[in-house]
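The block underneath contains the structure these notes are about, expressed in structure tokens.
The values are calculated or read from the model by the stated rules, or taken from the named source; none is laboratory data. All of these numbers come straight from a predicted model, not from anything done at the bench. Cβ atoms come from the backbone with ideal geometry, glycine included; neighbour counts cover every protein chain shown. Areas reflect the complete protein model, heavy atoms only, side chains present, ligands, DNA and RNA absent. Shrake-Rupley method; radii C 1.70, N 1.55, O 1.52, S 1.80 Å.
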Amino acid sequence: MSKFFSGSAVIAAAFALVSCANSSPAEKTTLSLSETAQSHSNQTVWEKFDMQRCVNMGNSFEVPRKQRENGGGRIDKEDFALIKSKGFDTIRLPVKWSDYTGPAPDFTLDPTFSNTVKAYVDEALSQNLNVILNIHHFDEINETPAAEMDRLVSIWKQVGALFKGYPDDLWFETLNEPNNQLKGDIMRQSQALAIKAIRIHHPDRIVILGGEFWSNWRQLDTNMVAPDSNIVFTFHYYEPFDFTHYKAEWTKPDMPNTLRSWGNQTDKAELAEAMSGIKRYKVKTGQPLFLGEFGVYTSIKNEDRVKWVDAVRREMEAAEIPWCLWAYANTFPIYNYESGKWDKDMLDALGLE
Ligand code: GLC
């Protein structure tokens, strides 16, 4: 089964406000990393999860290793100041750690890669952005979960050690979009083991969990019950998939190829249905919940892309669900590296300038 389709039927797909009570952004810069970490330790998860508007640094550290080594996966340290200046408060940094592990049983992470990721995290934090760091495109664990569990745990132990003592503005997301065989009990087991590995060095850090079937909102209930109070849940929203992923090559062989627009009554009813399910889950868990990915491929007319992003963003904000656009400069870009220009209509749709 592919990312969004079951048989011939379109599965409406889904792939992910509070303020930081006693520290304004200006104050945060004046504290050292350990002081900041300490100053946050008594806050609730709702206070620590001070996120409203986020952008995914898509197609940078999560591209295949070979592609990065051949010059792909562009990301610049200057991006973060630019992102902050537009009004985003958070970035999500997807990382394909699984391409940088050594052999079992240690699965030692390549230190050059780890230190590069760390330097980018440092830069984003120094711009007063919250950073969501995940494991992205760990494809093998979706195919053979039991065989890959030790590697998952080892990655989180090493990443946990790498960021020991970091401020509470760094959040860990255990795994992007569990899918394929990674579902049900074994998916929940992967969440529990990842949290345990993270908690060795990060007893109070926010850990983010997304459910099975690509973290579709309909699968929110597949998440494990929060094992401690510093858990945040996430879901992804790309519905209707034949609209958001029209001609998206990476969804072959199910690439939708009928051009359509968005915004009729059926479309709006679908969004309303999603919102009621999402709100229900937030109330049920009592934990923060956010939209970790949403966006529309550039094959769709920009005015339709903008219309959808505007509608989804407004619904999320009305429900106090923070959001994270996919993505910054690639796949569904809002910023163009070549021209140095932002997509102004898309910024507008996000309520930014
Ligand atoms: C998921 C995939 C990413 C893709 C995006 C939009 O995050 O991991 O590669 O670009 O969804 O389909």
Query raised in the report: Residues D221, D267: which one is modelled with pLDDT of 95 or more, surrounded by fewer than 18 Cβ atoms within 10 Å (Cβ to Cβ) and not basic (K, R)?
Result: D221
Report task. Scan the range 128-141 and give yes if some residue there is part of a helix (DSSP H, G or I), more than 16 Å from the ligand (Cβ to nearest atom) and not hydrophobic (A, V, I, L, M, F, W, C), otherwise no. Result -> no
Query raised in the report: Taking into account only those residues within the range 330-341 that are away from the ligand (no atom under 12 Å from the Cβ) and open to solvent by 20 Å² or more (accessible area, probe 1.4 Å), which is farthest from L93 (Cα to Cα)?
Result: S339
Report task. Within the range 94-123, count every residue that is more than 21 Å from E78 (Cβ to Cβ), open to solvent by less than 60 Å² (accessible area, probe 1.4 Å) and away from the ligand (no atom under 16 Å from the Cβ). Result -> 7
**Report entry** Residues of the range 285-327 satisfying the condition of being open to solvent by 30 Å² or more (accessible area, probe 1.4 Å), closer than 20 Å to R218 by Cβ and of a type in the set (D, E, K, R)
**Finding:** E315
Report summary line: Picking from F80, F113, F107, F88, the residue that is over 20 Å from K164 (Cα atoms) and touching a helix residue (DSSP H, G or I) at 6+ places or on another chain (Cβ under 6 Å) would be F80
Query raised in the report: Can you tell me which residue in the range 247-258 is nearest to K307 (Cα to Cα), limited to those that are at pLDDT 90 or above and open to solvent by 60 Å² or more (accessible area, probe 1.4 Å)?
Result: K247
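Results for (1) within 15 Å of the ligand (Cβ to nearest atom); (2) under 20 Å from the mean Cα position of the chain (by Cα); (3) not in a strand (DSSP E or B), shown as yes or no for each residue.
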residue	(1), (2), (3)
T258	no, no, yes
S261	no, no, yes
A272	no, no, yes
R280	no, no, yes
E293	yes, yes, no
Y297	yes, yes, yes
Query raised in the report: Which of (1) within 16 Å of the ligand (Cβ to nearest atom); (2) open to solvent by less than 10 Å² (accessible area, probe 1.4 Å) does A197 not meet, given it meets every other one?
Result: (1)
Report task. Determine if the range 216-223 includes at least one residue that is in a helix (DSSP H, G or I), over 25 Å from D343 (Cα atoms) and within 16 Å of the ligand (Cβ to nearest atom). Result -> yes
Query - Residue in the range 66-81 that is farthest from the ligand (Cβ to nearest atom), counting only those that are open to solvent by 50 Å² or more (accessible area, probe 1.4 Å) and in a loop (DSSP other than H, G, I, E, B) - result: K77
Requested in this report: Determine whether V63 is closer than 23 Å to W326 by Cβ and either part of a helix (DSSP H, G or I) or away from the ligand (no atom under 16 Å from the Cβ) (or both).
Outcome: no
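One line per residue, one yes/no per condition, for (1) in contact with a His (Cβ under 9 Å, 6 or more places away or on another chain); (2) of a type outside the set (D, E, K, R); (3) part of a helix (DSSP H, G or I):
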residue	(1), (2), (3)
V153	no, yes, yes
E177	yes, no, no
L182	no, yes, no
R188	no, no, yes
Q191	no, yes, yes
F213	no, yes, yes
